[in-house]
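One structure is given here, and the rest of the page talks about it.
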Amino acid sequence: MATETDQQFLETVIRAIVNNPDGVKVDRVVDERGVLLTLDVDPKDMGYVIGRRGQTARAVRTLLKIVGAKNNARVNLKINEPEGGMPRGMRDDASSGEVDTSAIDNLEI
């Protein structure tokens, strides 16, 4: 792809939704199967990236496929689980009912 448009797109979107944009790291590898983008974020921001029931991650993957199709490339996203991450269902924030929206409260698009 021309000048890694997919990588820049992913970094821009993820940095806009997390509390720690400096903790966002995207690696890009191209092989015979297409482009693989590997995303690392601060462990505290993982919930923002995944979203409720994976909706945010699914939406980002869909957008990346569109960006890839525009450039005739197959783009896949791998989200690295942070070390020491809790198993699904064991996270404290899943049951509290309160959601910290401070990362997007003043988002200007």
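When region 65-84 is filtered for residues that are open to solvent by 70 Å² or more (accessible area, probe 1.4 Å) and either hydroxyl-bearing (Ser, Thr, Tyr) or within 15 Å of Ile50 (Cα to Cα) (or both), the ones remaining, listed by number, are Lys78, Glu81. Against the list (1) outside any strand (DSSP E or B); (2) touching a residue at least 24 places away in the same chain (Cβ under 8 Å), the condition Glu11 fails is (2). Go through Gly54, Gly34, Gly23 for me and flag whichever is modelled with pLDDT under 95, within 11 Å of the chain's Cα centre (by Cα) and not polar (S, T, N, Q). Of Gly54, Gly34, Gly23, the one residue that is modelled with pLDDT under 95, within 11 Å of the chain's Cα centre (by Cα) and not polar (S, T, N, Q) is Gly54. The set of residues in region 61-83 being assigned to a helix (DSSP H, G or I) and either aliphatic (A, V, I, L, M) or on the phi > 0 side of the Ramachandran plot (or both) consists of Leu63, Leu64, Ile66, Val67, Ala69.
For region 42-64, a residue qualifies if it is closer than 15 Å to Asp100 by Cβ and in contact (Cβ under 8 Å) with a residue 12 or more places away in the chain, and the qualifying residues are Asp42, Pro43, Lys44, Asp45, Met46, Gly47, Tyr48, Val49, Ile50, Thr56.
The number of residues in region 1-31 that are under 18 Å from Thr62 (Cα atoms) and hydrophobic (A, V, I, L, M, F, W, C) comes to 8.
Does Ala16 satisfy the condition of being part of a helix (DSSP H, G or I) and under 9 Å from the mean Cα position of the chain (by Cα)?
no
When region 42-55 is filtered for residues that are open to solvent by 20 Å² or more (accessible area, probe 1.4 Å) and among the β-branched types (Val, Ile, Thr), only Ile50 remains. Would you call Asp22 surrounded by 12 or more Cβ atoms within 10 Å (Cβ to Cβ) and out of contact with any strand residue (DSSP E or B) (no Cβ under 9 Å at 6 or more places or on another chain)? When the stated conditions are applied, Asp22 does not pass them. Once region 93-108 is narrowed to residues that are charged (D, E, K, R) and modelled with pLDDT of 50 or more, the residue that is surrounded by the fewest Cβ atoms within 10 Å (Cβ to Cβ) is Glu108.
The values are calculated or read from the model by the stated rules, or taken from the named source; none is laboratory data. Note that the structure is predicted; figures quoted are calculated from it, not measured. Glycine also receives a Cβ, built like all others from the backbone with ideal geometry; neighbour counts cover every protein chain displayed. Quick note on the areas: whole protein, heavy atoms, side chains included, nothing else; ligands and nucleic acids left out. Shrake-Rupley method; radii C 1.70, N 1.55, O 1.52, S 1.80 Å.
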